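> First the structure, then my questions, so here it is.
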Amino acid sequence: MSRATATKMIQFPTIDGHFWLERNGKVVDIEFKDYDYIKKYHNCDDGMVYKQADTNTQLIMIRIFEKCMKSMGEDKASYRILCKNMGIGAMFRCCFQNCMLAFQEGDLIRFGSMGWNKRNGSGVWWEFGGEDWKGVKAFLK
């Protein structure tokens with residue numbers, strides 16, 4: 001079974017937002033090569049920019065995704081073992097699953113918006129989420 005098949009079986013909701021980890025006060029996330037076209041198209045610099053959603057929105061979004069995993073009998077540890085046994089690593093546009101793969105004791109799962117600073121200094125291109133997005137409904141699609 002491929003990771004794409006496993007992910008489809010879990011039935012995660014479609015979102016316009018991003019999950020990442022915070023470890024010892026630093027962001028743990030992958031700037032995939034696939035982002036290069038997006039950054040070039042929107043004239044953005046390297047180095048992702050993050051904006052956490054409000055605490056309540058983060059808790060609800062994390063619980064929704066964890067509930068989806070639990071419905072398939074998975075948790076962080078069993079998901080990592082399953083993926084390792086299948087030879088599956090981090091994948092583009094699978095931010096929650098990537099967090100589960102990289103999660104270590106003491107990490108914090110964060111949710112909100114992610115993008116890049118525009119080279120002309122006119123702000124941030126938010127690829128996932130947005131500057132003023134508030135509440136769960138803003139992120140669910």
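Please treat every number below as a calculation from the coordinates, not as lab data. The model shown is predicted, which means the values in this text are computed figures rather than measured ones. Cβ atoms come from the backbone with ideal geometry, glycine included; neighbour counts cover every protein chain shown.
> Angle between the Cα long axis of helix 55-71 and the longest principal axis of the chain, 0 to 90 degrees, nearest 10?
The two axes meet at around 30 degrees.
> PRE reach from residue 12 (point 7 Å along Cα→Cβ): which of the stretch 30-45 fall under 17 Å by backbone N?
Once the point is set 7 Å along Cα→Cβ of residue 12, 30-35 turn out to lie under 17 Å by backbone N, inside the stretch 30-45.
> So which GluC sites (Glu not before Pro) in the stretch 44-125 pass both tests, a DSSP loop state and at most 16 other Cβ atoms within 10 Å of the Cβ?
Of the GluC sites (Glu not before Pro), the ones in loops of the stretch 44-125 whose Cβ has at most 16 other Cβ atoms within 10 Å are 105.
> Right, here's the next one. Suppose the chain between residue 118 and residue 43 were pulled fully straight at 0.36 nm per residue; how much longer would it get relative to their current alpha carbon spacing? Spell out each step's value before the answer.
Details: separation 75, 0.36 × 75 = 27.00 nm, distance 0.58 nm.
The residue 118-residue 43 span can extend by a further 26.4 nm.
> Continuing with this model, one more query. Once each part is reduced to its C-alpha centroid, what is the distance from the stretch 88-141 to the stretch 42-83 in angstrom?
The stretch 88-141 and the stretch 42-83 have Cα centres spaced 8 Å from each other.
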